[in-house]
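Before any comments, here is the structure.
The values are calculated or read from the model by the stated rules, or taken from the named source; none is laboratory data. For clarity, every value in this text was computed on a predicted model and none was experimentally measured. Cβ sites come from the backbone with ideal geometry, for glycine too, and all protein chains shown count toward neighbours. What goes into the accessible areas is simple: the full protein's heavy atoms, side chains included, and nothing from ligands, DNA or RNA. Shrake-Rupley method; radii C 1.70, N 1.55, O 1.52, S 1.80 Å.
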Amino acid sequence: LNYLIAGGLHPVGFHVLNIILHAVISVLMIDVFAILIGGLDYDEKGWTLNHAPKTSLLAAIFFAAHPVHTESVAGVVGRADLLCALFFQLSFLTYCKAFNNGSDRDDRFSVRWVVVSLVLCAAAMLCKEQGITVLGVNAAFDVLLICNVNVYELGHRLLFRKNPPDLGEIVQMGLLKRLGLMSLGGLLMLYARWRIMGTGPPAFTEVDNPASFEENVFTRIVNYNYYYSLNAWLLLCPWWLCFDWSMGCVPLIKSATDWRMVWLLLLWCVLIGLISQALCSPDIQRRRTLTLGLVLLVVPFLPACNIFFRVGFVVAERVLYLSSAGYCLLLAYSLGHCCYRWIKYKKLTCIMLLALLCMYVVRCALRSHQWRSEQSLFSSALSVCPLNAKVHYNVGKNLADRGNTSAAVKYYREAVRLHPNYVHAMNNLGNILKEKNELIEAEQLLSKAVAVQPDFAAAWMNLGIVQNSLRKFEAAEQSYWNAIHYRKKYPDCYYNLGRLYADQNRHVDALNAWRNATMLKPDHSLAWNNMVILLDNTGNQDQAELIGREALKLLPNDHTIMFSLANVLGKLQKYKESESFFLHALQINPNAASCHGNLAVLYHRWGKLELAKKHYELSLKLDPEAPGTRDNYNMLRRKLDQLKHSTP
């Protein structure tokens, strides 16, 4: 739908909708925060009453301006996070609606609105699996706010079996029924996901998430907790933002004496302090708000925490989109509490608050500017993750795509140095060295790439091209066939295989290889053109004409095939048709010196000497060093002079 409205793949249309979605989500956050902080209450018309307008608005502003959201809003892949968050909010708000007056009520809640909430939860999950965690938030909201359960007191009574709690009232309020409905809905969603996508998780490599491949359980747990502290730091101080945190960006903690262990301890000290306040505070409202804030912070993050299954990243800013709502709630509530408790420092607190918001806005603007192009995005990551091989690879690839291959070599070499088995970096570096005619090193790099990853078809093909240039024909042929073995439909490889056979004068094999390329990719211009040229050069002009006409049916505006076919028709003395194809080719590419030169030769043979002279001169003007054209032009001038002198 976005594609149709935007009129194609124009980034502006996608950016605008992402910004609109983020704005809508930020506005809806006011209602979500109002309920979590001030409780659920409705007026006579059924509208939700906001008992904490300032705090909920402040938390929503923090959420709207938080720089960690830039990736989700600025990148098109972030659409999944935005839609997931939108349906997540709607699922929560409709669940709250179940406790308003309704027509089809079961005891003290509306079954209809609970079902609608489950449908919206399914929609959130279809956008991103993280969406299913709204069930946990809804359950916590129900237990803590609707049923007003004191979790600490309930746990203490159950643990020590003193004054067992009376659960009858909770049962009467329909909590068990609602939890049962949500559990059933959640199981059905998981089953549907399993049926659609299969049982196996995606296949990740060690470079994607090195801690998850650690055999030592202690090392794995320590590094997971360090990852959590990094995520917490991005929420607290979102200055160091990066598009990719894998491939050595975050070195593993191998020893208990590593100084980074301090961050783990600090994280858990803060969490334990918050949890103790959430459970043991004598203030009921504070206890409830802190607990729900922690739930909103932690529960949406659970799918990304490596506990239930391995994830394919170390840190990913986009997965913090929902969790940041919990952080913003806790931050706004804490600032509000400070203003209330320390009235004499209220002005200072307000100044700090404005400074923080200004910092968020400035960082958002800077980060959004970095997302404007690949060049600025990849370059910005160099200062944040200098040890990340993928960052250097992407900078190098961007430079190579813009034609700066000399600078690209430097970054590709650094990527290979940081990650010696980085096959894609080796392949791209080998390609550049091949173009620079540094064939020996290119062969070494590509050979290593296929040794590390034997099914890397592109590297096999590039290795074959290098070996062909080194005149290692048998090895090149074997490399091409290895590439085709691992990628059955590989037209470019058949094309290069045909070039190898042509270099060895194995004309039939070359024609067969190029024919395979055109069968797999009917618009493979180079393969069609090479077939026409080879048949022409071997004296098979009639067959060359048939191939050329067949190619032009598929590629009616390909001037290179027109040029080759025109040459064939000229040799067959079909001058009129040949002239037509030459002129059509020149309409498409008027600055082709060779086309002017060959058309001049045609006119020369045809006896149209003035036209021949005109096109010889045009050819020489475009390319003074064109082989043979100068000699033909001089020959024509002598003939014209002879004709001029012989005329009475």
With a cut-off of 8 Å between alpha carbons and a minimum separation of six or more residues, what is the relative contact order of segment 575-646 in percent?
26
√(5λ) per eigenvalue of the Cα gyration tensor, segment 499-575, largest first, Å:
19, 16, 9
What does the accessible area per residue of segment 419-504 come to in Å², with a 1.4 Å probe and no ligands, DNA or RNA counted?
46
Computed over segment 556-603, protein heavy atoms only, probe 1.4 angstrom, the accessible area per residue in square angstrom equals 42
Segment 248-361, Kirkwood Rh and Cα Rg, ratio Rg/Rh at 1.03
If I take every Cα pair under 8 Å that is 6 or more residues apart in segment 460-619, average their sequence separation and divide by the length, what percent do I get for the relative contact order?
12
Can you tell me the relative contact order of segment 32-72? Whole percent, Cα pairs under 8 Å, sequence separation 6 or more.
35
Whole number please: convex hull volume per residue, Cα atoms of segment 34-133, in Å³.
111
Given a 1.4 Å probe, the accessible area of segment 210-283 per residue, as a whole number of Å², is 53
For the chain, with all protein chains present and a 1.4 Å probe, just round the carbon and sulfur fraction of the accessible area to a whole percent.
61
Which of L17, F63, C339, positive extreme of dipole for the chain (C-beta unit charges):
C339
Cβ-Cβ cut-off under 13 Å around M635, Lys and Arg +1, Asp and Glu -1: the net charge is +4
Determine how many Å³ per residue the convex hull of the Cα atoms of segment 521-648 encloses.
108
Where the only charges are on Cβ atoms (+1 Lys, Arg; -1 Asp, Glu), what is the dipole of segment 301-378 about its Cα centre, to the nearest 20 debye?
340
Please compute, over every Cα-Cα pair in the chain, the percentage with a separation greater than 42 angstrom.
47
